[in-house]
Amino acid sequence: MIVILCTGLVVIALVTALVLVLPALARPTLPFGVRVSAERVDDPAVIAARRSYARLTVAAGALVAVVTIPVLLVTRSAAGIGVTTSVLAVLDVLVFHRAHRMIRTAKLTGGWAAERRQGVAVDTTFRTDPVRVPWPWALPALAVVLLTAGIGWARYGTLPATLPPLFGYATEPARREPTTVLSAFQPVIFQLALILIVVAVVLVVLRARPDLDAARPKGSARRYRVYLRGMAVMSLLSAACLNLSLLLGALHLWEIVPPTIVWQVTVYAPLVVLVGGWVTWEIRVGQAGHRLPALPGEEQEDSGLGQRDDDHHWFLAGAVYVNRRDPALLVHDRLGSSSWTLNLGHPIAWLLLGVLAVALIVLAGLLLAGVV
């Protein structure tokens, strides 16, 4: 019980810390998903929104932590952690949206959008000379797959007649399934699928429209190239961490190691390293690489333009983008992290979402039928 309670409080503390850091990762000209000019970065309205956001985020975390203690003491189940964390996530989203509305209201009433002539920066070299996939960084993930497959192959002949199904990075000991090649090598299959998904995402993101600053086109283009390569490297290393956790989980599935608490913690250790690595990298580079060091002369660069003000195409505080006139399918979102969103004004976006929905329904049906 003490372990569950401590885990719940630690999760709440981590979520609160990540939410507090999120606004600092965004470009100074995109506070809480609202486009502002460089002259308005330190506007009193922006500062007030940041301070209010920080206070309310801490208050939400403290409130949920206080409620979590009796909830976990009564339920005595780890499922309570998911419930309280979900409540905290909803509160944090509402607090973020409140800060977004505060700045957007100040922008509209103060006429900030008319202070600079608007424009966009375009760098055609991202098409003629795109950032390449750093394939050598995929070798750690592939090495973990080969190691997992080798251990599984050596163990396969001595496996028991039934195995517990693999659920995420753990097994369900209450259920047993006949030992087959498919059930025994589930970790390897998941590892290969992870690598394919990560590589596909990297390929798409490297070809997505660059997020450049119209006020500093040359400097932002150079930084964005460095940022893209770093994002690709981090993504490939993420695949290695995820695969390593699957390898550790497979050792339990194949009954090579006993299901102790220490081992369960070890299974999730690479995921903790993964989250810590991403947060550290995000803090260092910032959204679209705006925190990267400037070369001589780049700090003084100013084209006189302001980035095109398209706030009316963004919804949910910069998470959802809808613009039928924009040919881009994938765009960098405004949340402040290394994430992209589909342009829901593009017809292909709805086709992709439809295919994903069908795939999820089929997978859910297979899970319910016990096929997967």
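Pick from VAL145, VAL202, VAL67: which is most flexible by mean-square fluctuation in a GNM of the chain where alpha carbon atoms under 10 Å apart are linked?
VAL67
Which value results when the Cα radius of gyration for segment 1-115 is divided by 2.2 N^0.38 Å?
Compared with the compact-globule rule of thumb, segment 1-115 sits at 1.30.
With every atom except the alpha carbons ignored, what do you get for Rg and Dmax of segment 287-364, in angstroms?
17.0, 55
Rank LEU330, ALA59, HIS312 by how far each Cα sits towards the positive end of the charge dipole of the chain (+1 on Lys, Arg Cβ; -1 on Asp, Glu Cβ) and give me just the farthest.
HIS312
Treat every Asp and Glu Cβ in segment 244-362 as -1 and every Lys and Arg Cβ as +1, leave all other atoms uncharged, and give the resulting dipole magnitude about the Cα centre to the nearest 20 debye.
360 debye
Charges only on Cβ, +1 for Lys and Arg, -1 for Asp and Glu: so what's the dipole of segment 1-115 about the Cα centre, in debye to the nearest 20?
140 debye
Sorted from largest down, give the three principal axis spans of the alpha carbons of the chain, whole angstrom values.
Extents along the principal axes, in whole Å: 73, 54, 40.
Ranking PHE185, PHE315, PHE96 by Cβ neighbours within 10 Å, fewest first, what do you get?
Lowest to highest Cβ neighbour count: PHE315, PHE185, PHE96.
Return one number: the angle in degrees, 0 to 90 and rounded to the nearest 10, between the long axis of the Cα atoms of helix 139-156 and the longest principal axis of the Cα atoms of the chain.
Tilt relative to the chain: about 10 degrees.
To the nearest 20 debye, what charge dipole does the chain have about its Cα centre, counting +1 at the Cβ of each Lys and Arg and -1 at the Cβ of each Asp and Glu?
Computed charge dipole of the chain: roughly 340 debye.
Where both residues lie in the chain, what percent of DSSP beta bridges are antiparallel, nearest 5?
Percent antiparallel among DSSP bridges in the chain is about 70.
Could you work out the helix-only [θ] at 222 nm for the chain, with each DSSP H run of four or more residues adding -39,500 (n - 2.57) and the total divided by the number of residues, to the nearest 500 deg cm²/dmol?
After summing the helix terms and dividing by the residues of the chain, the value is -20500 deg cm²/dmol.
Inverting the mean 1/r over all pairs of different Cα atoms, compute the Kirkwood radius of segment 153-210 and quote it in Å.
13.6 Å
May I ask you to derive the relative contact order of segment 308-372, considering only C-alpha pairs under 8 Å and at least 6 residues apart, and to give it as an integer percent?
Result for segment 308-372 is 23 percent.
Considering every Cα-Cα pair within segment 130-304, what fraction, in whole percent, is farther apart than 23 Å?
So the pairs more than 23 Å apart make up 51 percent of the total in segment 130-304.
What ranking of SER235, SER220, SER338, SER86 emerges when the number of other C-beta atoms within 10 Å of each C-beta is taken as an exposure proxy, fewest first?
Going from sparsest to densest Cβ surroundings: SER86, SER235, SER338, SER220.
Readers should treat all values here as calculations from the given coordinates under stated rules, not as data from a laboratory. Note that the structure is predicted; figures quoted are calculated from it, not measured. All Cβ positions, even for glycine, are placed from backbone atoms using ideal geometry, and neighbour counts span all protein chains on display.
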